[in-house]
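To keep things clear, I will list the structure first and then write my remarks on it.
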Amino acid sequence: MSPIDAAVVLLMGGIVAGIIGSGGGVSSLVSYPALLAVGISPLQANMANLVAGVAIGPGSAVSSQRELAESRVVLVRLVPFAVLGTVVGAGLLLLTPPGMFARVVPFLVAGGSLLLAVQPALMKLHERKDRRGALLRLVSVGAVSVYGGYFGAGSGVMLLAVILVLVDSGIPRANAIKNVLIGVISLVAAAVFITSAPVLWGAVLPLAGGLLIGSALGPLIIRKLAPSLVRWLASAFGFLLAIYLSLRPT
């Protein structure tokens with residue numbers, strides 16, 4: 001595949017991933033395989049995907065100013081845990097041999113797809129006061145951020161579930177907090193990779209451009225589609241990807 005063809009694939013993949021992510025889905029289930037499709041190794045693709053993910057943050061932050069104004073105290077408490085967890089996760093990724101990561105990534109993709117499929121059930125946990133809600137309080141933002149810094153797919157869904165339990169609030173506010181924390185995870189992971197490992201900028205830039213466009217177009221498109229349809233299609237695609245990756249030579 002020529003560099004121009006690869007850039008077009010990544011740009012289009014980024015647009016689709018940004019649309020899915022803005023609709024509450026898992027953008028990495030599209031952006032990550034787009035990187036693999038142009039011939040990038042799993043480990044390098046994962047790092048490029050995490051770095052390019054920084055482009056999603058600006059649009060979501062601008063559209064959530066009202067909710068964020070009410071959540072400053074919560075963010076001050078949670079951001080340090082997100083930063084620390086991301087540094088640990090990104091460090092673990094840098095220490096993971098490429099062959100081992102290629103064997104582990106199908107399970108990570110499958111896990112992200114499963115979280116996407118059960119997302120509505122997780123979001124309803126904030127309405128519960130029983131033991132199932134209390135158990136979720138044991139899951140820390142730092143632990144989710146470790147996963148986010150290592151791979152990332154599904155971390156947004158995980159964070160939203162945690163925040164809905166830790167912060168007794170409605171979904172719009174919880175989603176705004178989640179978006180900020182995902183932005184922090186992306187920025188910190190990008191900083192770690194840029195300063196510690198070679199980053200494939202030829203892949204990052206077109207993918208980031210697509211993610212930026214997709215995250216801006218997403219709300220307009222998602223409003224016309226059934227959220228459940230988008231969620232189930234992305235989840236099914238993720239499971240198929242996990243099966244493909246498990247059969248793919250490492």
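No lab work stands behind these numbers, since they all come straight from the coordinates. Not measured: the values here are computed from a predicted model. Cβ placement follows ideal geometry from the backbone for every residue including glycine, while neighbour counts extend to all protein chains displayed.
Taking 0.36 nm per residue of separation and subtracting the current Cα-Cα distance, fully stretching the chain between S2 and A197 would add 67.8 nm.
Each peptide in 4-16, 201-213 gets a packing score, the mean of other Cβ atoms within 10 Å over its residues, and the list from highest to lowest is 201-213, 4-16. Label-to-label distance, A69 versus A121, with points set 7 angstrom from Cα along the beta-carbon direction: 3.9 nm. In this calculation the C-beta distance from L92 to L240 is compared with R0 = 30 Å, giving a FRET efficiency of 0.65. Quick one: length gained pulling S41 to L247 fully straight, 0.36 nm per residue minus the C-alpha distance? Stretched out fully, the S41 to L247 stretch lengthens by 72.7 nm. Note on R77 and R103: their simple-model spin labels are 4.2 nm apart, each label 7 Å out from Cα toward Cβ.
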